[in-house]
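Single-structure report; data block below.
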Amino acid sequence: MGYNCVCRNSHMDHVGALPYFTEVCGYNGPIYMSYPTKALSPLMLEDYRRVMVDRRGEEELFTTTHIANCMKKVIAIDLKQTIQVDEDLQIRAYYAGHVLGAVMVYAKVGDAAIVYTGDYNMTTDRHLGAAKIDRLQLDLLISESTYATTIRGSKYPREREFLQAVHKCVAGGGKALIPSFALGRAQELCMLLDDYWERMNIKVPIYFSSGLTIQANMYYKMLISWTSQNVKEKHNTHNPFDFKNVKDFDRSLIHAPGPCVLFATPGMLCAGFSLEVFKHWAPSPLNLVALPGYSVAGTVGHKLMAGKPTTVDLYNGTKVDVRCKIHQVAFSPHTDAKGIMDLTKFLSPKNVVLVHGEKPSMMTLKEKITSELDIPCFVPANGETVSVASTTFVKAKASDMFLKSCSSPNFKFSNSSQLRVTDQRTADGVLVIEKSKKAKIVHQDEVSEVLHEKNHVVCLAYCCPVKAKGESDNDVDLIKQLSTKISEIMSGAQIHEAENSLQVGSFKGAVCLKEKCMHRTEIISCSEAVFLCCNWSVADLELGWEIINVMKLNL
Amino acid sequence: MKLTCLSKGDGFYYPPCHMLNLCGFRILIDCPLDLSAITIFSPVPYDVGFEASEYLSDVPLDAHNPIQKKQKLERQLTPADLVCAEPWYKTVKALHLWEASLIDIVLISNPMGLLGLPFLTQNPGFCAKIYMTEATAKIGQLMMQDLVSMHNEFRCFHGPGYSCFPGWIKDLDSEEVPASLKKVVFGESGDDLGSWMRLYSLDDIESCMKKVQAVKFAEEVCYNGTLIIKALSSGLDIGACNWLINGPNGSLSYMSSSICVSHHAKSFDFHGLKGTDVLIYSDLSCLQSAEVTENGCVSPDLDNNYLSTISDKKDDDLAASLLNTEDSLEEMEKLAFVCSCAAESADAGGSTLITITRIGIVLQLLELMSNSLESLSLKVPVFVISSVAEELLAYTNTIPEWLCEQRQEKLISGEPSFGHLKFIKDKKIHLFPAIHSPNLITSWQEPCIVFAPHWSLRLGPSVQLLQRWRGDPKSLLVLEGGLSSGLGLLPFRPIAMKILQCSFLSGIRLQKLPTLFSVLQQKIVLIPDAVNQRINLAEMKTSSILNYSENKTLRVPRIADNPSVEITTDLASKFSWKKLRHRENFGIARLKGELLMEDGKHRLVTGLEQEESSGKARPLRHWGSVAPESLLDALLKMGIKGSIEHSTRDNDTKDNSVIHIANPNRGLVETSEIGTAIIAEDENVASQIFQAIDGILDGI
């Protein structure tokens, strides 16, 4: 069996090493990606490669040809499409929000099933829907926990803050720099700004740095079915990714006078074009840098968010004065703690593993999951292995007779203190295992046949005296009399009466006219009393004796 | 499993309709409309100044043709014979015989199979679950809306009709009405009248679509925990699918018309259909293809040779031979030919009217046509006139997941899936919702190429355009195949226009059937009797072939083994196992828990109440025999004394033994080969005796 690789979204931290893995390391098992991921990751990879080689001067891990060859091996999958990878492994993708094409992966091997969430978002944003998954029976849920302790309220106030910050900046003649990933965040913020620009009738240009983001917009237009319901409904009249105020940016515009808004990659100001623009724009107090989301420690983005530095070390000792305003965009496409709890509660897996996050907050969330939902939760360190028990089923072929008997209800009523209804129809079934053969389930009446044995019926019998012999004896009256007695004492018993016999369950009693009955123990002659000759099966052992006792009272 | 074929359908636009009874559920597969029947109606606006004499001189009568002779005796069909009333629509007749509320599931395999569904969902008792692919739902809904909007022209012309029984049917019953017309209305057997329905409204469509559960290709949906249903692409059109149904009693695949290699829709996914127990093959398109009617039955000799080669080939080779591109190349040639004809007539100053409404064909034609016009540098505008054109064309460029591989590649390279987008932007293709759209007249220019519904030539903008151009010998009419022979063109005669009839591939070719069936490897294959008459499949060794015919119920025996029950391991570990005295190889245990149906499987899980009284735990079934001596010993150990009395009563061959028990209470045990009876007055003694017997016998 080979390895299987499923890529869930096209952010650099997920596909970054894929060409290296397939082309240099020589992995050649199947690779699955959602359609948008397959379409977008070559762009991301190529951009990544350029940044690595051209700007940082590092040795390239893979080449453009590597990327192309790698992408040829990728199998594109649709949401909910169930794929049988090989005999044992089945995978299925569910919508995860986060970025275009992000999916959660459901995998099933034999009877054991897991869900790996990847990055997901439990609330809809401007352009993407919320994560959506079926109620599955899971042994394990592996969830991301980037924001394991954060709980976010409505995002509208924060959206307004962002828009006002940008508006204030451009109104004052400043330039706003928005470093962002090419995918997802840029589109969301751009939709927000484009809409705002229309409403407020602002004429300040909005630029996209490289062709990259504009090109990504085109994919968004074609992959409309992967966006939010709101966008899907609108797109017939106007495709919301046709931004009206957005233009391409040119390097010469960095020093052009007048206000503007610029989206530039990469997002954390770690290298590349966004950092270059930052170098030029940071010294002016008119300007603004809006940092969306999360920045890795050590990047310029992280330094800016951590405090209010006056100077920042860019690279190789180059320093720049930071006088511009810094705005942190506080809405993120990652789910918050409430989202993780909601998903975990909805899926109710047997075990949870938290990954992708900071240890202390993950431990807090772990406590919460363990105490509130009562689900075992693990936070493994890198390289640590966690073992959880998985579901397995014992399989057995069932006989038709058993299934048929199970298909009709077989209620039993008992009222010791209160009325109880039980239905133990499965108890008629017997599991038979023969050495080196498959297990079988048969009805109890079929067992002896399977074992090649002859049935041996064990029953109880007793010829019970029920009445002293009188003059006017009538069998019908006697049976009626007995039957009312029985039903008085044993409520709920179904009594079938015939001319000279009665039946309750397997209990049968008939008026015995024999002078000397085998089933009679007392030496009372037939002339002295009327006898009811009874027999009943082992199953109704107690019932039989109860009836006998009732009838004896009649004597 | 039971299958009833309600209608065999007729070509692409009228797919077959089946009722399937599976695991106690009633499944309706497709709910089409026979739109070819509306040709009995007269189109609007209809030419009042029409002269019948003109028509008669136009068609030369073939005196040697007996059918025409007979018709001549009766009377020649004239446009005046067509029904001049608001049209009604012909549904599947046999479907009306089924109680709508007893249908559990409806599966729709392509947009054409959806057109009749609002008639069914109108029924207040209807409560079935409806499954179809997302693309089928979207395209089908648009087609229904288009149908309603085209039909509204009739409503405007004829005024609102309130009667629930249309007057035109009464008129048709008279002697003078030509037989061919009557046949369409009343059917072969004369009982089709009930299948005519008044068209649904937009509200009906909406409420119908609300009941639909849309699925993706290869998405598994579970009905009632019992059936797992999966749609797999069939390649016929965008969103068209075959169905795979897995249940506890085995698996079944339903194969509608499929195309192995498609140039627009996702191709036929036959790998997914492989190895099911039963295959219902419902592709009758092969009967309409010309080669069959010409050559008649495929000769058995040839067949045998063919089959012997099949058995030699490996599985992969067979699959590869299914995927050969011969057919698809032929299709491309047909499309290219249509384009070249259109370009030719445009060059000569004539317009082209294309009435084909198959969405896949229209999309490819638009692309090819615009490209070829560009390469020929012909400045001829292309118009698409339909109330849903804009939405449909925009939609087709947002569904790469539903398209063939070449078009998916376009997504990766960042191009739109279909080429029309560019041409619409460049104002080379113009979209208009109707012929009276305000902007149409300003951009109208002849010669032009127009795509306009409806293929039946009774509805939509094609009617007006045909009336406009029918006298122009330079113009070209592109029709669906087979239409000119029927009533289709009757109201437009005489026609000077050139006519090009196209029948595009709409299913698997007959010659491919043996290969297909060997690849799919089903145990039982159900095929229509009409197909079986054409091809000899008796030599197929792998599967048994059953025939089904219209309006007859075919019962298919269960072939799968006994269904499997899955027992959770923690429940299984709680079973109390019994070792048997005489059969050491066996272990037996009485079941506990609750039997559920989950994901199409029987599952035994821990029940809510697992409380069992100690008394219940005693064995209820025994086997073996009781030796009186050993029973006596066992009783003695319990402190019960007795004596044996052998008796052979009633001259019986059966050996009865009786043990009399005297102490501590009177009792009797009667035992024989088949059973043992315990006779005692005292409950405790009886229980003790039972325990002793239970110790001797094996039981559960």
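Points worth noting:
- Strands (runs of 3 or more DSSP E) wholly inside the range B:446-526 that include at least 1 residues being buried (at least 21 other Cβ atoms within 10 Å of the Cβ) and in contact with a strand residue (DSSP E or B) (Cβ under 9 Å, 6 or more places away or on another chain): B:449-451, B:476-480
- All positions within the range B:659-687 that are more than 7 Å from chain A (Cβ to nearest Cβ) and among the β-branched types (Val, Ile, Thr): B:659, B:661, B:669, B:671, B:685
- Summed over the range B:581-606, residues that are more than 7 Å from chain A (Cβ to nearest Cβ) and in contact (Cβ under 8 Å) with a residue 24 or more places away in the chain total 11.
- Looking across the range A:435-470 at every residue that is among the basic types (Lys, Arg) and either under 24 Å from residue A:541 (Cβ atoms) or not in a strand (DSSP E or B) (or both), the one that is nearest to the other protein chains (Cβ to nearest Cβ) is identified as A:435.
- Options A:461, A:439; residue that is touching a residue at least 24 places away in the same chain (Cβ under 8 Å) and over 27 Å from residue A:400 (Cβ atoms): A:461
- Members of the range B:655-700 found to be assigned to a loop (DSSP other than H, G, I, E, B), closer than 15 Å to residue A:519 by Cα and not charged (D, E, K, R), listed by number: B:665
- Cβ pairs under 6 Å, 6+ apart, first in the range A:23-39 and away from every other protein chain (no Cβ under 13 Å), second among the hydroxyl-bearing types (Ser, Thr, Tyr) and assigned to a strand (DSSP E or B): none
- Those helices (runs of 4 or more DSSP H) lying entirely in the range B:353-422 with at least 3 residues crowded, with 22+ Cβ neighbours inside 10 Å and at pLDDT 90 or above: B:359-375
- Listed by position, the strands (runs of 3 or more DSSP E) inside the range A:232-336 whose residues that are surrounded by 15 or more Cβ atoms within 10 Å (Cβ to Cβ) number at least 3 are A:260-264, A:288-292, A:325-329.
- Residue within the range A:63-81 that is assigned to a strand (DSSP E or B), closer than 30 Å to residue B:568 by Cα and either without any contact (Cβ under 8 Å) to a residue 60 or more places away in the chain or in the same structural domain as residue A:190 (by TED's automatic domain parsing) (or both) present: yes
- Close pairs (9 angstrom Cβ cut-off, 6 or more residues apart or separate chains): farther than 21 Å from residue B:248 by Cα and within 9 Å of another protein chain (Cβ to nearest Cβ) in the range B:554-577, part of a strand (DSSP E or B) and charged (D, E, K, R) anywhere: B:575/B:590
- Residues that are out of contact with any Leu (no Cβ under 9 Å at 6 or more places or on another chain), aromatic (Phe, Trp, Tyr) and either under 17 Å from residue A:209 (Cα atoms) or modelled with pLDDT of 75 or more (or both) within the range A:266-296 comprise just one, A:273.
- Qualifying residue in the range A:146-158 (condition: modelled with pLDDT of 90 or more, under 30 Å from residue A:387 (Cα atoms) and either part of a loop (DSSP other than H, G, I, E, B) or of a type in the set (Phe, Trp, Tyr) (or both)): no
- When the strands (runs of 3 or more DSSP E) confined to the range B:194-265 are screened for residues that are β-branched (Val, Ile, Thr), those reaching at least 2 such residues are found at B:212-215, B:227-233.
- Checked against the criterion of being within 12 Å of another protein chain (Cβ to nearest Cβ) and closer than 20 Å to residue A:369 by Cβ, the candidates A:92, A:135 yield just one match: A:135.
Residue-by-condition table, conditions (1) touching a residue at least 24 places away in the same chain (Cβ under 8 Å); (2) over 29 Å from residue A:235 (Cα atoms); (3) acidic (Asp, Glu):
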| residue | (1), (2), (3) |
| --- | --- |
| A:97 | yes, no, no |
| A:105 | yes, no, no |
| A:119 | yes, no, yes |
| A:135 | yes, yes, no |
| A:140 | yes, yes, no |
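Yes/no per residue for (1) of a type outside the set (Ser, Thr, Tyr); (2) more than 10 Å from chain A (Cβ to nearest Cβ):
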site	(1), (2)
B:359	yes, yes
B:364	yes, yes
B:378	yes, yes
B:389	yes, yes
B:395	no, no
B:402	yes, no
B:405	yes, no
B:413	no, no
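The values are calculated or read from the model by the stated rules, or taken from the named source; none is laboratory data. Being a predicted model, the structure only gives us computed values, none of them experimental. As a convention, Cβ positions derive from the backbone with ideal geometry for all residues, glycine included, and neighbour counts pool all protein chains shown.
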